[in-house]
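Notes for the one structure printed next.
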Amino acid sequence: MKKIITIISLLFFITAIAQKQRVVLVFKDGTMTTGLGKIVGNKIKFKKGKGKKKYTYSHKEVNSLVTGEGNTNIEYFYKFIEGKKKVVLLELVKKGKVKLYKSISTYVPSSFGPNGVFIEGRHKGSSSYYVSKSNNEKVFDLGDGTPFTKNFKKAASNYFKDCSILTNMIQDKKYKIKDIKEIVKFYNDGCKW
């Protein structure tokens, strides 16, 4: 019985990591294409369909990627980080006057540990948050709230300095990094109570 469970788990594991999602790629020239794709690091692995030629894309060819269907769409955009020459693929979290993005956390796939124990896949590490006003190609790094990274209180207060009510709430620690979605909503709603 144990062998049957192990074989079924192994087949499930192989199927789960081999499947790509339906995606729409938006290229630099504005054209779009649909197919199967997945994000690997800062690159996009893509093919038109099962058995078709595989391609690898980066920020040099692609502006954005959309996954999901209907109301469950997730949009990813290549953005430059302000003050750095680095380009990253970020998930759009909130739209508005200020857009909120987050980095894509590293995914550790399911595997079998010692003695054949199945270990469920999980996200590793924390996400960093980034903001940009209007359609700016650059994003401002707000950090991830972990020790030894950018000071969120200082960074957020500086970025939202044109909204004194909000900066006071950040300075008084009424709003912290965990409240970043509420902070952006507050700002986008006109910075009013």
Exercise for the section: Would you check which residues across the range 44-62 are over 17 Å from the mean Cα position of the chain (by Cα) and among the polar types (S, T, N, Q) and list them? Expected result: 56
Completion exercise
Of the residues in the range 83-97, those that are surrounded by 15 or more Cβ atoms within 10 Å (Cβ to Cβ) and either touching a Gly at 6+ places or on another chain (Cβ under 9 Å) or in a loop (DSSP other than H, G, I, E, B) (or both) come to 89
Exercise for the section: Please specify each residue of the range 33-69 satisfying the condition of being part of a loop (DSSP other than H, G, I, E, B), more than 16 Å from residue 89 (Cβ to Cβ) and without any contact (Cβ under 8 Å) to a residue 12 or more places away in the chain. Expected result: 51, 53
Handout entry: Residue satisfying condition, being surrounded by 12 or more Cβ atoms within 10 Å (Cβ to Cβ) and either on the phi < 0 side of the Ramachandran plot or at pLDDT below 90 (or both), within set 50, 45, 3
Key = 45
Completion exercise
residue 87 fails exactly one of (1) at pLDDT 95 or above; (2) within 19 Å of the chain's Cα centre (by Cα), namely (1)
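From 37, 68, which residue is of a type outside the set (A, V, I, L, M) and on the phi > 0 side of the Ramachandran plot?
Working: 37 fails: on the phi > 0 side of the Ramachandran plot.
The conditions single out 68.
The values are calculated or read from the model by the stated rules, or taken from the named source; none is laboratory data. Small disclaimer: the values here were computed from a predicted structure and weren't measured. As a convention, Cβ positions derive from the backbone with ideal geometry for all residues, glycine included, and neighbour counts pool all protein chains shown.
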